[in-house]
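The values are calculated or read from the model by the stated rules, or taken from the named source; none is laboratory data. Given the structure is predicted, the values throughout are model-derived calculations rather than measurements. FYI the Cβ positions are ideal-geometry reconstructions off the backbone, even for glycines, and counts take in every protein chain you see.
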Amino acid sequence: MEIIREYFPNLTEKQEKQFSLLGDLYADWNSKINVISRKDIDNLYERHILHSLAIAKFIKFRTGSKIVDLGTGGGFPGIPLAIMFPNVNFTLIDGIRKKITVVNAVAEAIGLENVLGLQARAEELKKMRFDFVVTRAVATLDKLRPWTQRLVHQKDVHPIPNGLIALKGGRINAEIAALGKGTYVETYPLSDYFKEAFFEEKYLVYVQV
C-alpha cells in the first residue's frame with residue numbers, strides 16, 4: 001500500500017481503505033481462481049495496481065464520464081481506476097465468466113458502486129458507448145483500434161479526444177506502425193511516472209479514433 005501512497009499522496013480515507021483491502025481479497029480469490037500469475041501475487045501493488053494507475057497520471061477522467069476496460073481479466077486497470085475516480089462509470093468486460101465473477105465480488109467487497117462487470121466481448125456491446133477504452137496487455141494496437149471505434153462515441157468532454165488508452169510492454173514501434181500513417185498516436189514511457197525497475201520498457205499508448 002505504501003507504494004500507492006508514494007505516488008498518489010492525496011487519497012481520501014475511503015480510497016486508502018479500498019486500496020488496502022485489495023491485497024487480501026486478490027490473494028484469497030487467486031487461491032481459488034487463477035486470475036493473477038502466482039509469481040506476481042506478492043507484487044500485486046506494484047505490478048498490477050500501480051501499473052493500472054499509470055492511466056491516472058496521464059488523464060483525469062471527468063465526473064460522469066464512461067470508461068470501458070476491455071479484457072479486464074481480474075479487474076485491471078478498471079478496479080484501481082474506479083477507486084481513483086469514484087464519480088466515473090466503469091464497465092469491465094471479459095469473455096471468461098470466472099474472471100468477471102472475481103471482478104464483481106471484489107467491487108462489492110470494497111464498496112465500489114461505479115463498476116459493472118460483464119461477461120462479454122467488445123462486439124457484443126452493440127448499444128453501449130464510452131468516452132475511452134482502457135486496456136492492459138490484451139491485444140495488439142491494430143486489433144484494439146477497430147474494437148475501440150465501435151465502442152467510443154463522438155462527443156468529447158475531456159481535453160483530449162475520445163479514444164484508446166492502452167498499457168503496453170516491450171517493443172511497440174511495430175504495433176504503432178501497423179496502425180498506418182493517418183492514425184494519431186501518443187506514447188509515454190511509464191518510467192516517466194514511476195521509478196521502479198518493473199516499469200522500464202513499459203508504455204502508455206493513446207490512440208485517437
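So here's what we get for this one:
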{"quantity": "Residue in region 159-172 that is nearest to Ile3 (Cα to Cα), counting only those that are touching a strand residue (DSSP E or B) at 6+ places or on another chain (Cβ under 9 Å), modelled with pLDDT under 95 and not in a strand (DSSP E or B)", "calculated": "Gly170"}
{"quantity": "So Arg145, is it in contact with a strand residue (DSSP E or B) (Cβ under 9 Å, 6 or more places away or on another chain), assigned to a helix (DSSP H, G or I) and basic (Lys, Arg)", "calculated": "yes"}
{"quantity": "Some residue of region 5-28 being under 20 Å from Phe199 (Cβ atoms), in contact with a His (Cβ under 8 Å, 6 or more places away or on another chain), crowded, with 18+ Cβ neighbours inside 10 Å and not hydroxyl-bearing (Ser, Thr, Tyr)", "calculated": "no"}
{"quantity": "Total residues in region 180-194, condition more than 12 Å from Tyr206 (Cα to Cα) and in contact with a strand residue (DSSP E or B) (Cβ under 7 Å, 6 or more places away or on another chain)", "calculated": "1"}
{"quantity": "Test: residue in region 43-54 that is of a type in the set (Ser, Thr, Tyr), under 23 Å from Arg150 (Cβ atoms), surrounded by fewer than 21 Cβ atoms within 10 Å (Cβ to Cβ) and more than 10 Å from the chain's Cα centre (by Cα)", "calculated": "no"}
{"quantity": "Candidate set: region 99-128, residues that are without any contact (Cβ under 8 Å) to a residue 40 or more places away in the chain and charged (D, E, K, R); chosen: the one nearest to Pro146 (Cα to Cα)", "calculated": "Glu123"}
{"quantity": "Complete set of residues in region 122-142 that are touching a strand residue (DSSP E or B) at 6+ places or on another chain (Cβ under 8 Å) and more than 25 Å from Arg47 (Cα to Cα)", "calculated": "Ala122, Leu125, Met128, Arg129, Phe130, Asp131"}
{"quantity": "Qualifying residues in region 173-204 (those that are outside any loop (DSSP other than H, G, I, E, B) and more than 20 Å from the chain's Cα centre (by Cα)) - the one surrounded by the most Cβ atoms within 10 Å (Cβ to Cβ)", "calculated": "Ala177"}
{"quantity": "Condition met for Val134 (modelled with pLDDT of 95 or more, farther than 22 Å from Gly23 by Cα, buried (at least 22 other Cβ atoms within 10 Å of the Cβ) and not charged (D, E, K, R))", "calculated": "yes"}
{"quantity": "Answer residue from region 55-88, given it is of a type in the set (D, E, K, R) and in contact with a strand residue (DSSP E or B) (Cβ under 6 Å, 6 or more places away or on another chain) and is surrounded by the most Cβ atoms within 10 Å (Cβ to Cβ) among those", "calculated": "Asp69"}
